[in-house]
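The values are calculated or read from the model by the stated rules, or taken from the named source; none is laboratory data. This one's a predicted model, so the numbers in the text were calculated from it and none came from an experiment. All Cβ positions, glycine included, derive from the backbone under ideal geometry; neighbour counts span all protein chains shown. The protein model used for the area step is the full one, side chains on, heavy atoms only, and it has no ligands, DNA or RNA in it. Shrake-Rupley method; radii C 1.70, N 1.55, O 1.52, S 1.80 Å.
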Amino acid sequence: MSILEVKNVNKRFGGLQALGDVNLSVQEHSVHAIIGPNGAGKSTLLNVLVGKLIPDTGSVMFDGQSVLGRKPHEINQMGISRVFQTPEIFGDLTVKENVLIPCFAKRDGAFRMHAFETVANEKAINEQAEAMLEDVNMLDKLDMPAESLSRGDKRRLEIAMCLSQQPRLLLLDEPTAGMARADTNNTIDLLKEIHEKRDITIAIIEHDMHVVFSLAQRITVLAQGTPLVEDTPDNIKGHPKVREAYLGEAH
Amino acid sequence: MFGLSKTDTRFLLIVICLTLATPILLQPFPEGSGLAQFNAGYPDLMQRFAIFGIFAIGFNILFGLTGYLSFGHAAFLGVGSYSVVWMYKLLDYNVLWGLPLAIVVSGVFALLIGIVSLRRTGIYFSILTLAFAQMMFVISYSDLLGRFVGTSITNGETGLQVYTSDPQVLLGATEPNVPHLFGIVMRENFWQPNIGGWEFTFNNGYYFCAVIAILAFYLSLRIFRSPFGMMLRAIKTNQTRLNYTGLNTRPYTMAAFVISGMYAGLAGGLLAAMDPLAGAERMQWTASGEVVLMTILGGAGTLMGPVLGAGFIKYFENIFSKINDNVLHGWFAWMPDGLEDFIVTILHPFVGKGWHLTLGILFMLVVIFLPGGLVEGGSRIMHFIKRDRKAKGRDPEHHPEHIAYVAEKEEF
């Protein structure tokens with residue numbers, strides 16, 4: 001069953017056709033990668049999925065409901081969490097508070113005037129946050145300001161924040177961009193573990209073929225705003241159209 | 001106790017003790033001694049400490065937690081004062097009618113201004129709030145509203161005050177003709193002992209303000225420790241992430257703006273409760289700037305900082321401004337004449353009317369060297385003293401790390 005259905009999505013920026021007739025279907029519980037050269041429209045597509053951009057035409061359905069015209073926080077409450085290219089975390093807050101916030105968001109919804117409750121008294125939520133941090137091996141860093149973490153730890157924290165909302169679809173935007181090899185491999189292992197352990201679908205936008213081929217079960221190749229092919233990793237590897245898109249016709 | 005953790009309860013008890021003992025603590029020098037002019041324990045000033053403390057505590061809920069720098073909070077101060085004086089005019093001099101009204105009316109104004117201003121962040125938000133406050137100042141100063149409805153609402157530049165021709169429908173025959181709470185007159189002192197040369201003044205009005213200030217402080221402490229307060233701090237550090245975490249930031253900022261507007265209205269109401277006047281100059285932009293200074297000087301985002309800042313600035317305004325050349329000559333009389341004149345000439349621009357200059361220099365020094373404000377200075381001294389017990393280390397719950405967002409954050 002497909003959890004995310006993108007149908008005939010078009011998006012123009014002035015004279016540039018950023019997305020042209022994009023059709024995409026992400027199967028539930030799969031790891032689906034979207035790859036493509038620079039300027040292929042990967043980020044535009046992602047921004048459409050999370051509600052930051054509204055496409056000119058077409059539809060995007062998540063679990064039978066349209067996401068178009070909804071605000072980012074509403075789409076998130078539907079069950080889509082996003083990991084950014086550069087980790088977006090609450091730098092001034094402690095590591096634990098970073099995870100507490102999505103736990104509250106999951107329980108209380110988009111807004112609640114809980115000004116007379118005390119964070120420390122919310123036993124269940126505190127336990128939930130600590131369990132989440134234990135899962136990503138950050139229990140020893142609970143009270144550190146998030147800003148002081150290393151790049152790799154920030155990424156892990158961001159993933160932990162997204163997971164503590166128990167999303168149904170996790171979107172990752174180049175999760176290993178700018179990382180050292182060791183950190184990249186750690187992130188791959190973490191994502192694999194998450195996918196095995198949890199009832200979750202992962203859609204990943206990536207540049208790094210190593211990451212794509214070690215994680216994805218389906219791959220969609222975008223070029224100039226249009227999907228070229230969608231297939232399993234093994235078939236994509238030798239596909240002539242993909243080589244053409246990445247290396248140019250002359251080769 | 002009070003729904004607080006052990007450390008917070010202790011902290012609150014210390015604050016309560018200090019507040020109640022203020023008339024003693026601010027009177028460290030005996031009457032007649034040369035330093036007596038540095039005593040600040042007289043009712044008028046102590047009332048201002050408490051009132052502007054409330055103002056700054058409220059401002060800190062908006063600025064300290066969410067990072068939204070409002071430059072128009074004095075407007076709510078004015079609204080609060082007008083509300084209270086109107087209750088004097090219509091009902092009677094009991095402050096109990098006016099204060100709740102001041103909170104409600106300023107809350108409504110905050111909601112209206114917030115709906116427009118909170119659509120923008122950073123400097124644009126500041127400018128919008130400033131524009132609204134200046135509009136409200138001009139409207140009150142020219143009594144524009146009064147001209148529309150045919151009867152004076154703010155009484156223009158004279159300021160709103162109570163006249164004998166006012167209805168005052170609840171006024172009883174034996175009731176005092178000055179602000180009071182069920183007969184307890186605000187401007188009266190209930191005890192004025194002279195103990196071995198030290199004179200202490202225990203004033204009704206001050207204790208009324210102090211009790212309200214303690215409540216206001218307790219409320220802000222609860223907000224700081226609540227999930228709501230945590231969300232507000234999250235807004236300051238990363239709004240994008242908060243949006244993509246399924247939280248709608250607008251109602252959070254709106255709630256913070258309205259709460260801090262209500263605090264300002266309460267402070268304004270108390271100003272009128274101590275002195276039954278309300279003038280438009282209370283709403284001017286300099287008054288809005290003052291509360292920004294108080295908060296940053298004391299330490300934005302800390303619990304005690306804004307109160308310290310408020311006390312500091314009010315102390316300077318009232319005490320430092322009284323030092324004139326005669327006083328300076330008195331201090332340096334032991335020096336040779338030429339040197340004495342020289343020193344007095346040098347110091348002259350910094351005291352008396354020049355107290356703003358000293359405050360300005362002090363403010364610059366604090367912002368540059370103690371970006372966390374006076375609270376950071378205090379905690380650094382504490383760390384220095386306790387250096388041997390280093391293991392205890394940082395206490396981010398009570399002394400959060402601060403960034404110098406006055407100059408460094410991108411929004412500005």
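Here the calculated FRET efficiency for A:T86 and A:L139, from their Cβ-Cβ distance with R0 = 35 Å, stands at 0.90, rounded to the nearest 0.05. Distance from the Cα centroid of the stretch B:116-175 to that of the stretch B:195-229 is 27 Å (rounded to whole angstrom). Summing Cβ point charges (Lys, Arg +1; Asp, Glu -1) relative to the Cα centre of chain A gives a dipole of roughly 580 debye. Placing +1 on the Cβ of every Lys and Arg and -1 on the Cβ of every Asp and Glu, with no other charges, gives the stretch A:88-165 a dipole of roughly 200 debye about its Cα centre. Computed on the stretch B:249-390, with alpha-carbon pairs under 8 angstrom and 6+ residues apart, the relative contact order is 23 percent. With a Förster radius of 25 Å, plug the Cβ-Cβ distance of B:H348 and B:L35 into 1/(1 + (r/R0)^6) and report the FRET value to the nearest 0.05. E(calc), rounded to 0.05, equals 0.80. Report note on the peptides B:62-68, B:313-319, B:101-107: ranked by the mean count of other C-beta atoms within 10 Å, highest first, their order is B:62-68, B:101-107, B:313-319.
Taking the Kirkwood radius as Rh and the Cα radius of gyration as Rg, the stretch A:88-165 has a ratio of Rg/Rh equal to 0.95.
Peptide A:72-82 shows a mean partner chain C-beta count of 4 within 10 Å per residue C-beta. Where in the stretch A:52-67 does the label zone of B:Y124 land, with the point 7 angstrom along Cα→C-beta and an amide N cut-off under 20 Å? The answer is A:52-54, whose backbone nitrogens lie closer than 20 Å to the label point.
Could you estimate the translational diffusion coefficient of the stretch B:1-117 from the Stokes-Einstein equation, with Rh from the Kirkwood formula over C-alpha pairs, at 4 °C and 1.567 mPa s, in whole µm²/s? Roughly 75 µm²/s, to the nearest whole number. Since only B:V307, B:Q168, B:M87 are under comparison, the one whose Cα sits farthest along the positive direction of the charge dipole of chain B, derived from C-beta charges on Lys, Arg, Asp and Glu, is B:V307. In this structure B:E281 has an accessible area near 110 Å², from a 1.4 Å probe over the protein heavy atoms. Anisotropy class assigned to chain B is rounded, per the alpha carbon gyration tensor with a/c under the 1.5 cut-off.
Among the residues of the stretch A:114-140, those with an accessible-area drop of 40 Å² or more from chain alone to full protein complex, heavy atoms and 1.4 Å probe, are A:H114, A:A115, A:F116, A:T118, A:V119. What is the stretch A:1-77 by shape, rounded, prolate or oblate, if you read a ≥ b ≥ c off the alpha carbon gyration tensor as root eigenvalues and call it rounded for a/c under 1.5, prolate for a/b larger than b/c, and oblate otherwise? Oblate is the answer for the stretch A:1-77, as a/c is 1.5 or above yet b/c matches or exceeds a/b.
Approximating the spin labels as points 7 Å out from Cα along Cα→Cβ, the A:S2-to-B:W285 distance works out to 5.7 nm.
Using the 1.4 Å probe convention, the accessible area of the protein assembly as shown works out to 45 Å² per residue with neighbouring protein chains retained. The residues of the stretch B:206-238 listed by number as losing at least 20 Å² of accessible area in the complex, against the isolated chain and with a 1.4 Å probe, are B:L219, B:R222, B:R225, B:S226, B:P227, B:F228, B:M230, B:M231, B:R233, B:A234, B:T237, B:N238. Computed about its Cα centre, the charge dipole of the protein assembly as shown is approximately 720 debye, with only Lys, Arg, Asp and Glu carrying charge at their Cβ. The separation of the stretch A:45-105 from the stretch B:248-316, counted between C-alpha centres, amounts to 36 Å. Within straight-line reach of A:K106, meaning a Cα separation under 19 Å, sit the following lysines at least 8 residues removed in sequence or on another chain: A:K71, A:K96, A:K123. Here's the picture: a label point sits 7 Å out from the Cα of A:Q166 along the beta-carbon direction, and within the stretch A:76-113 the residues with their amide nitrogen under 17 Å of it are A:76-81, A:100-110. Computed from label points 7 Å out along Cα-Cβ, the spacing between B:T7 and B:L144 is 4.9 nm. In a fully extended conformation the segment linking B:F200 and B:S152 would gain 13.1 nm over its present Cα-Cα distance, using 0.36 nm per residue. In this structure, B:H356 and A:S150 have a Cβ-Cβ separation that, at R0 = 45 Å, corresponds to a calculated FRET efficiency of about 0.45. Across the accessible surface of the protein assembly as shown, with the other protein chains kept in place and a 1.4 Å probe, carbon and sulfur atoms take up 60 percent.
Surface burial for B against A, with a 1.4 Å probe and both sides summed, reaches about 2900 Å² of accessible area.
For the peptides A:1-13, B:155-167, the ranking by packing is A:1-13, B:155-167, with the highest mean count of neighbouring Cβ atoms within 10 Å listed first.
Protection proxy ranking for A:227-236, B:371-380, using the average of other Cβ atoms within 10 Å per residue and placing the highest first: B:371-380, A:227-236.
For the protein assembly as shown, the normalised intensity computed at q = 0.09, 0.12 Å⁻¹ comes to -0.86, -1.24 (log10 of I(q)/I(0), Debye sum over alpha carbons, equal scatterers, no solvent). Take A:R12, project a point 7 Å from its Cα along the Cβ direction, then tell me which residues of the stretch A:48-79 have their backbone nitrogen under 11 Å from it. Under 11 Å, as judged by backbone N against the label point of A:R12, lie A:56-57 of the stretch A:48-79. With a simple spin-label model that places each label point 7 Å from the Cα along the Cα-to-Cβ direction, the separation between B:E175 and A:K237 comes to 9.1 nm.
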